[in-house]
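First the structure, in the form of structure tokens, and then the observations on it.
The values are calculated or read from the model by the stated rules, or taken from the named source; none is laboratory data. Being a predicted model, the structure only gives us computed values, none of them experimental. When we count neighbours, we look across all protein chains shown, and the Cβ atoms used for this are built from the backbone with ideal geometry, even at glycine. Please note that ligands, DNA and RNA were not included when accessible areas were found on the heavy atoms of the full protein model with its side chains. Shrake-Rupley method; radii C 1.70, N 1.55, O 1.52, S 1.80 Å.
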Amino acid sequence: MPDLSLVVIGAGPYGLAVAAHARHTGIETLVLGEPMSFWRRHMPRGMLLRSGVDWHLDAAEVHTMERYLAERGIRPADVHPIPVELFVDYATWFQDVEGIQVRPELVTAVRPRPDGVEVELGDAGSLSARSVVAAPGISSFAAAPWHLVAGLSADRYAHTCFLTEFDRTRDARTLIVGGRQSAYEWAALLADQGVEAVHVVHRHDTPAFTPSDWSFVDALIERTESVPGWYRSLPDDERAAVDRRFWAEGRLKLEPWLPPRLPESVVHRHPRTEVVRCVELPSGEIRAELSTGETLVVDHVVLATGYRADVTAVPYLADVPGLATANGFPVLDEHMQTSVPGLFVTGFAATHDFGPFFGFVRGCTAAARLIVPAVAARTATAPTADAVRG
Ligand SMILES: Cc1cc2nc3c(=O)[nH]c(=O)nc-3n(C[C@H](O)[C@H](O)[C@H](O)COP(=O)(O)OP(=O)(O)OC[C@H]3O[C@@H](n4cnc5c(N)ncnc54)[C@H](O)[C@@H]3O)c2cc1C
């Protein structure tokens, strides 16, 4: 018999949401991971969220962010946009009021076993569970034109995911490659620090700094929950239309609170421009050649170039026997269960089959409601029923 009914790997929004809902359903649950580590260590202090107070973690709709604020006498309008620290505090409160047990241990591998899934903890041994939910987030998926920085010393460039302290970039000149929200938000954060110059270089036009309207997402999430396999069984053109709408709100629009923090004397925008080459000079400066023929001399390069799923880049999912993937995503059933019986994957890694909303907190509650019934069914059935599916 496995040691536990459910192990959740990851204590970010998705892991916490699934764990809370599982506990409500009476499933004995252990969460492994460092609570909200991505938000604490891969988002800079002072970063502001794009999502509002209505995006929360509770599938039971009780311990919402609005409730958390109300208990503190904070009006939602006074915390818009939401500082990242406040959301981390909400998640910490949620973990606490839900009584979610988290062990801050690193999983090194998972593998199928006849009655469930084995979870390896490196030197700390291993444990087994009837079901395992992996909520790895995006930290393993940082994507960048690495060839641009291949010749630079390692301390001269960073993906935004790894640049959360601005001590070294203060009083310096920085080139930011990319032009979506994180590119301009990092530019604003650098400008706030009093840097000498920031150059934001991107292939597309300067996006519109205008509020995004996420209200259309609610209906799509409802459909995801009520119609099994809804998103992936859409005709190609309809699925593309959903993706386009999401792209238009999230990528073509940037937050209207950014421009006042982007003084033209410091933040130089280079739309419709590509960085062709970066070379480290004997002086230690970096010469960046642009497609316009212009040359910039900077001290640091920041790659604000987003994330691309590759489930094998998640260390503990890199080598799972029988785990089927397509285009870097795990192949999932209607309950986000992989081809390995009892192993579920959620969050960004589920966006291929479930839609782009699962890359954001908005999808947490739906993910919990989709996954937990299948976990409950497995918990209730005889462990011998499993066989690795092809
Ligand atoms: C700059 C930026 C801004 C964003 N702003 C927003 C926003 O405003 N609103 C929004 O909804 N979303 C936003 N997002 C997306 C947000 O990060 C994701 O929605 C969210 O973090 C996904 O949660 P998760 O639980 O899937 O993963 P994560 O939050 O990344 O959690 C992963 C968990 O896995 C754990 N873990 C990792 N490796 C192991 C291991 N080997 N063993 C055990 N545990 C492990 C970590 O400790 C962590 O607890 C933003 C992302 C970025 C990069």
Listed by range, strands (runs of 3 or more DSSP E) wholly within the stretch 279-390 having at least 1 residues that are closer than 22 Å to LEU220 by Cβ, assigned by TED's automatic domain parsing to the domain that holds GLY26 and open to solvent by less than 10 Å² (accessible area, probe 1.4 Å) are 343-345
Expected output for the stretch 278-294 (first residue at pLDDT 95 or above, partner open to solvent by 50 Å² or more (accessible area, probe 1.4 Å) and assigned to a loop (DSSP other than H, G, I, E, B), Cβ below 6 Å, 6+ apart or cross-chain) is SER291/GLU274
With the first residue restricted to the stretch 197-214 and required to be under 15 Å from SER291 (Cβ atoms), and the second required to be open to solvent by 30 Å² or more (accessible area, probe 1.4 Å), Cβ contacts under 6 Å at 6 or more apart or on different chains are HIS199/HIS268; VAL200/ARG269; ARG203/GLU274; ASP205/PRO271
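Matching residues to (1) hydrophobic (A, V, I, L, M, F, W, C); (2) farther than 29 Å from ALA240 by Cβ; (3) surrounded by fewer than 18 Cβ atoms within 10 Å (Cβ to Cβ):
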| site | (1), (2), (3) |
| --- | --- |
| ALA187 | yes, yes, no |
| GLY194 | no, yes, yes |
| VAL198 | yes, yes, no |
| ASP205 | no, no, yes |
| PHE209 | yes, no, yes |
| PHE216 | yes, no, yes |
| ALA219 | yes, no, yes |
| GLU222 | no, no, yes |
| PRO228 | no, no, yes |
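Residue-wise test of (1) within 12 Å of the ligand (Cβ to nearest atom); (2) among the small types (Gly, Ala, Ser); (3) within 16 Å of GLY137 (Cα to Cα); (4) part of a helix (DSSP H, G or I).
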{"position": "MET1", "(1), (2), (3), (4)": "no, no, no, no"}
{"position": "VAL8", "(1), (2), (3), (4)": "yes, no, yes, no"}
{"position": "HIS21", "(1), (2), (3), (4)": "no, no, no, yes"}
{"position": "LEU30", "(1), (2), (3), (4)": "yes, no, no, no"}
{"position": "PHE38", "(1), (2), (3), (4)": "yes, no, yes, yes"}
{"position": "MET43", "(1), (2), (3), (4)": "yes, no, yes, no"}
{"position": "SER51", "(1), (2), (3), (4)": "yes, yes, no, no"}
{"position": "ASP54", "(1), (2), (3), (4)": "yes, no, no, no"}
{"position": "LEU57", "(1), (2), (3), (4)": "yes, no, yes, no"}
Every listed condition ((1) hydrophobic (A, V, I, L, M, F, W, C); (2) within 16 Å of the ligand (Cβ to nearest atom); (3) part of a helix (DSSP H, G or I)) holds for ALA240 save (2)
Among (1) surrounded by fewer than 16 Cβ atoms within 10 Å (Cβ to Cβ); (2) without any contact (Cβ under 8 Å) to a residue 40 or more places away in the chain, ARG67 falls short only on (1)
